[in-house]
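Participant: My structure is below; once you've seen it, I'll send some questions.
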Amino acid sequence: MRSCKYFKGYSLIELLVSLTIFMCLLSLLFPSLSSVNNRRAVSLKVWEIKRTLEYARSLAVTQNRLITVCITAEDHRCIKENGSRLLVFDDQNIDYQWTPGEPIHRDVNLAKAQVKLSASGRSYVRFEGSGASRGSGNFLVCMSGAGDFGRQVVFFYSGRIRLSKDSNRDGYDDKSGSPIICPK
């Protein structure tokens with residue numbers, strides 16, 4: 001029987017050094033990954049809000065009646081920012097708030113997103129049976145951990161809905177030139 005002079009493999013010290021280097025690299029990579037995930041979460045929430053507005057507009061056209069969309073607090077009161085839900089409902093008594101008994105067509109959880117509605121001082125958006133909006137403005141979506149990254153869902157009197165785009169990352173929407181500023 002032959003004995004091997006050399007063992008081909010890794011020693012415990014080599015393994016520990018390799019693991020230490022790997023852990024250091026991973027600790028450098030992790031913060032940037034969480035930032036990327038938070039930016040992705042902002043983009044997903046913006047798309048969800050855009051689809052909700054498009055649904056509300058479509059509902060107003062197909063049912064030929066006024067449909068209201070608003071950010072709500074826990075008590076379902078319409079507010080301009082940092083609510084917990086986005087509601088699409090028939091405001092039958094035209095009080096610009098959801099009241100029990102009024103049909104809710106969609107209820108979107110805003111989760112960790114910080115959403116602010118800027119619509120000429122109103123805390124709601126309304127779509128008419130023609131598809132037009134009774135105002136123009138935007139929903140600004142930010143999230144803690146995403147830095148100053150934010151996106152907007154912009155809606156017009158005509159009923160058109162679009163997403164903001166900041167391809168050069170200067171903090172301004174490429175089309176309108178308006179700033180996209182998230183609070184810190």
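The values are calculated or read from the model by the stated rules, or taken from the named source; none is laboratory data. Worth saying up front: this structure is predicted, and the values here are computed from it rather than measured. Every residue, glycine among them, receives a Cβ derived from its backbone with ideal geometry; neighbour counts consider all protein chains shown. All accessible areas refer to the heavy atoms of the entire protein, side chains included, with ligands and DNA or RNA removed. Shrake-Rupley method; radii C 1.70, N 1.55, O 1.52, S 1.80 Å.
Participant: Of the numbered conditions (1) under 20 Å from the mean Cα position of the chain (by Cα); (2) at pLDDT below 90, Cys70 fails exactly one; give the number of that condition.
Facilitator: If we test Cys70 against (1) under 20 Å from the mean Cα position of the chain (by Cα); (2) at pLDDT below 90, just (2) comes out false.
Participant: Can you tell me which residue within region 100-120, out of those that are modelled with pLDDT under 90 and polar (S, T, N, Q), is farthest from Ser58 (Cα to Cα)?
Facilitator: The qualifying residue farthest from Ser58 (Cα to Cα) is Gln114.
Participant: Still on this model: I'm checking my understanding of the structure. Among residues of region 88-110 that are closer than 15 Å to Leu53 by Cβ and in contact with a Lys or Arg (Cβ under 7 Å, 6 or more places away or on another chain), which one is surrounded by the most Cβ atoms within 10 Å (Cβ to Cβ)?
Facilitator: Within region 88-110, the match that is surrounded by the most Cβ atoms within 10 Å (Cβ to Cβ) is Val88.
Participant: Quick check: is even one residue across region 136-144 in a strand (DSSP E or B), open to solvent by 40 Å² or more (accessible area, probe 1.4 Å) and over 18 Å from Leu163 (Cα atoms)?
Facilitator: no
Participant: Of the residues that sit in region 145-181 and are in a strand (DSSP E or B) and modelled with pLDDT under 75, which one is surrounded by the most Cβ atoms within 10 Å (Cβ to Cβ)?
Facilitator: Looking at residues that are in a strand (DSSP E or B) and modelled with pLDDT under 75, I get Tyr172.
Participant: Output the number of residues of region 116-131 satisfying the condition of being of a type outside the set (Phe, Trp, Tyr) and either on the phi > 0 side of the Ramachandran plot or touching a Phe, Trp or Tyr at 6+ places or on another chain (Cβ under 6 Å) (or both).
Facilitator: 4
Participant: Regarding Ile94, is this residue of a type in the set (Val, Ile, Thr), outside any strand (DSSP E or B) and either within 22 Å of the chain's Cα centre (by Cα) or closer than 22 Å to Phe156 by Cα (or both)? Steps first, please.
Facilitator: Values: of a type in the set (Val, Ile, Thr): yes; outside any strand (DSSP E or B): yes; either within 22 Å of the chain's Cα centre (by Cα) or closer than 22 Å to Phe156 by Cα (or both): yes.
Answer is yes for this residue.
Participant: With the requirement that a residue be open to solvent by 40 Å² or more (accessible area, probe 1.4 Å), outside any loop (DSSP other than H, G, I, E, B) and within 20 Å of Val153 (Cβ to Cβ), what does region 61-87 give you?
Facilitator: If the condition is that a residue be open to solvent by 40 Å² or more (accessible area, probe 1.4 Å), outside any loop (DSSP other than H, G, I, E, B) and within 20 Å of Val153 (Cβ to Cβ), then Val61, Glu81, Arg85 are the ones that fit.
Per-residue answers, yes or no, for (1) in contact with a Leu (Cβ under 7 Å, 6 or more places away or on another chain); (2) within 23 Å of Cys142 (Cβ to Cβ):
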| position | (1), (2) |
| --- | --- |
| Asp75 | no, no |
| Leu87 | no, yes |
| Gly101 | no, no |
| Lys116 | yes, yes |
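Participant: Please find, among Ser18, Ser11, the residue that is open to solvent by 60 Å² or more (accessible area, probe 1.4 Å), on the phi < 0 side of the Ramachandran plot and free of Cβ contacts under 8 Å to residues at least 24 places away in the same chain.
Facilitator: Ser18
Participant: If you check Arg126 against the conditions, is it of a type outside the set (A, V, I, L, M), touching a strand residue (DSSP E or B) at 6+ places or on another chain (Cβ under 9 Å), under 15 Å from Ile79 (Cα atoms) and in a strand (DSSP E or B)? Even if it seems obvious, please write down each step before you answer.
Facilitator: On the way: of a type outside the set (A, V, I, L, M): yes; touching a strand residue (DSSP E or B) at 6+ places or on another chain (Cβ under 9 Å): yes; under 15 Å from Ile79 (Cα atoms): yes; in a strand (DSSP E or B): yes.
Answer is yes for this residue.
Participant: Still on this structure, please answer the following. Can you tell me which of (1) free of Cβ contacts under 8 Å to residues at least 60 places away in the same chain; (2) under 18 Å from Ala60 (Cα atoms); (3) charged (D, E, K, R); (4) crowded, with 18+ Cβ neighbours inside 10 Å is the one Arg126 doesn't meet?
Facilitator: Status for Arg126: all satisfied but (1).
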